[in-house]
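Inspection log for the structure reproduced underneath, given as C-alpha cells.
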Amino acid sequence: MTTDAPTSVGASMVATSKLHLGFDVGGTKIFGVATDGAGTLQRAVREPTPSGAGALVDCLVQMVGALAPDQGPASVGVGMAGLITNSGRVTVSPNLVGVDGADIGARLSDELGMPVALDNEVNCAARWELAAGAARDVRHGVMVAVGTGIGGAFMFGGEVLRGAVGLAGEPGHMIVAAGGRECTCGRKGCWEAYASGSALDRMASERLGDGARGPDVTEAARQGDTIALGVLDEFAYWLALGISNLCILTDPEMVVIGGGLSEDWDLLAGSLDVLLTEMLIGRSDTSRPKVVPSQAGELSAALGAALGGARADRAALGGARADSDSCVTAPRE
C-alpha cells in the first residue's frame, strides 16, 4: 500500500532533503513510512507481519529499500507491539510470533549499518500525538491503541512515561474480569481479551456467524443491523471500563484512541461518552477528559517512530538531544 497524502509532525523537525524512516510492527501488519526533515509523509508501505525474529528483520530491511530506493535513510525508527526495555530488547510480545527475548534493534542495526531507534509502538504514536497530533497542547494524557491487542502510553508533563526499565504503559494486560477469558499472554481476564480487534473478531464470529470479523460488524452497523449494533454496544462497554480505570489512576486531560479502531471511531464515540459519564466518579463535564481519535489513524506509530529516529539523528550530529524517553540501538562493534 502506498499513501501520498502529506502528514506533518511539525516544527520539532528541521526541513532537509534527508529521509527519516519509521515502522510500526503490529500483530498482523507492518506499516512503514518515509518522511522528510520537516516530518512530511513522502511514502508509506504495508506488509503482513512475518513469524520469527529473523524473518521480521529481513522484512524490515526490504521495506527500508522500498521506502528509500534512491538514497540511504538518515535515520530509522521502529515501534513494536510488546514490552520493550530501555535498552531496546523485546522481553515479551504476546501478539507477535517468535520474537520474545530477541534483540530486534541490534539485529536490524547490524543489517543496516546504522543506529536504530526502537521502542514500544504506542509510545511512538504518543510522541507523534504530542508533537503534531491530537495531544499538541496536552501536558497529561493517555493513549490507547486498539489493534490486534491493546497497547497504551502515558503522557506526563508533555513526555512519554517509560517506567523504571521501559515497560510502563501496558493496559491491555490489566485484569478487568477476574478468571475471565484467556488472553494471548496466558493470563485470564485481561482487557485486550474483551476490547481489542481480536476480541471484536470473536464477537463477530459468535453473533454474525462463523467467518465474520470485526470489519463485518462495523459495515453491518453502518447499515443499521441491530445485531451488529448490539455487538458494538457490548464492545463499547468493555472499552469504556478499561479507559475509566486509566482515567481514575492518572487523571488525564485527554485520552487519544489509536490503532485500527480509530478509523471507525464515529460508531463508538456516542456510546463511549455515555458509558464514561456513568463510570467516572467525581468528574463534571468540564473536568472529564476528552476522548478523541488519533489524527494520523493507523500511521501514527510509524510517524512517531520516524520522529524518534530523526531526533536521535539530530542529537548525534550535535543538535538538540534525543528525547530521554526514547531508546536508540547502535550497531554492534
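The values are calculated or read from the model by the stated rules, or taken from the named source; none is laboratory data. Since we're looking at a predicted model, the values are computed, not measured. Neighbour counts are summed over all protein chains in view; Cβ atoms, including those assigned to glycine, are modelled from backbone coordinates with ideal geometry. The protein model used for the area step is the full one, side chains on, heavy atoms only, and it has no ligands, DNA or RNA in it. Shrake-Rupley method; radii C 1.70, N 1.55, O 1.52, S 1.80 Å.
Worth pointing out:
- Criterion violated by L241 - all others in (1) in a helix (DSSP H, G or I); (2) surrounded by 20 or more Cβ atoms within 10 Å (Cβ to Cβ) satisfied: (2)
- S87 falls short of the stated requirement of being touching a residue at least 60 places away in the same chain (Cβ under 8 Å) and touching a His at 6+ places or on another chain (Cβ under 7 Å).
- Scanning segment 102-144 for residues that are part of a loop (DSSP other than H, G, I, E, B), open to solvent by less than 40 Å² (accessible area, probe 1.4 Å) and touching a strand residue (DSSP E or B) at 6+ places or on another chain (Cβ under 7 Å) gives A102, M114, A134, A135, V138.
- Unmet requirement for S284, which otherwise passes all of (1) open to solvent by less than 50 Å² (accessible area, probe 1.4 Å); (2) over 20 Å from S196 (Cβ atoms): (1)
- Yes/no for V292 being open to solvent by 10 Å² or more (accessible area, probe 1.4 Å) and at pLDDT 75 or above: yes
- Restricting attention to segment 268-281, the residues being surrounded by fewer than 14 Cβ atoms within 10 Å (Cβ to Cβ) and of a type in the set (G, A, S) number 1.
- Residue within segment 225-233 that is out of contact with any helix residue (DSSP H, G or I) (no Cβ under 8 Å at 6 or more places or on another chain) and over 26 Å from W128 (Cα atoms) present: yes
- Qualifying residue in segment 85-97 (condition: open to solvent by 10 Å² or more (accessible area, probe 1.4 Å), outside any strand (DSSP E or B) and closer than 24 Å to A34 by Cβ): yes
- R107 vs. criteria of a type in the set (D, E, K, R), closer than 24 Å to L19 by Cβ, in contact with a helix residue (DSSP H, G or I) (Cβ under 6 Å, 6 or more places away or on another chain) and in contact (Cβ under 8 Å) with a residue 24 or more places away in the chain: yes
- For the condition of a type in the set (D, E), surrounded by 16 or more Cβ atoms within 10 Å (Cβ to Cβ) and in contact (Cβ under 8 Å) with a residue 60 or more places away in the chain, E170 qualifies.
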